[in-house]
Amino acid sequence: MATRAAVCMLFLWLLAACATEPRLLLPTSPEGRSCIAACDAVLARCSFDETSRAESIARSCDNSGAVQTCVDRAVDDRTVQACEAKQSMGACQGSVPNTADCREHRLMCALQCGAKMLDP
């Protein structure tokens, strides 16, 4: 479980690196670096929580087990078709993580720590 969480966090960090966000000139003082580290920790926790929330929604939308049980108990082709028609298709609303708020909060936090925006 911990390994899965670590892989998810690595994925989120790589995904965040690809996102278009303003470049920052981070503070170099020990206090500034400590402040930025706290912002990064909050970002990591926020992103993890959002990913967990989205995964939970995705799991609740997956009804493939119930559909398979229905098919297994079907007595004719018409019943099988009725079972298969109940299959959830595609992503459920809210099942994709949205970490935009997390990144926005991290940006505001970094600016409060003394970071300067390099891009407009």
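The values are calculated or read from the model by the stated rules, or taken from the named source; none is laboratory data. Values in this document were obtained by computation on a predicted structure and should not be read as measured data. So basically every Cβ, Gly included, is an ideal-geometry build from the backbone, and we count neighbours across all protein chains shown.
Give the number of residues within the range 56-107 that are in a helix (DSSP H, G or I) and without any contact (Cβ under 8 Å) to a residue 24 or more places away in the chain.
Taking the range 56-107 first, the residues in a helix (DSSP H, G or I) are 56-61, 64-73, 77-85, 100-107.
Pick out the ones that are also without any contact (Cβ under 8 Å) to a residue 24 or more places away in the chain and you get 56, 59, 65-73, 77-85, 100, 104.
The qualifying residues number 22.
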Checking the conditions here, which among 43, 25 is loosely packed, with under 12 Cβ neighbours inside 10 Å, modelled with pLDDT of 65 or more and aliphatic (A, V, I, L, M)?
25
Inside the range 62-107, can you point out the residues that are farther than 30 Å from residue 27 by Cβ and small (Gly, Ala, Ser)?
64, 65, 66, 74, 82, 85, 88, 90, 91, 94, 95
Is it the case that some residue within the range 43-57 is more than 14 Å from the chain's Cα centre (by Cα) and hydrophobic (A, V, I, L, M, F, W, C)?
no
Which members of the range 67-95 meet the condition of being among the aliphatic types (A, V, I, L, M) and surrounded by 13 or more Cβ atoms within 10 Å (Cβ to Cβ)?
67, 71, 74, 80, 82
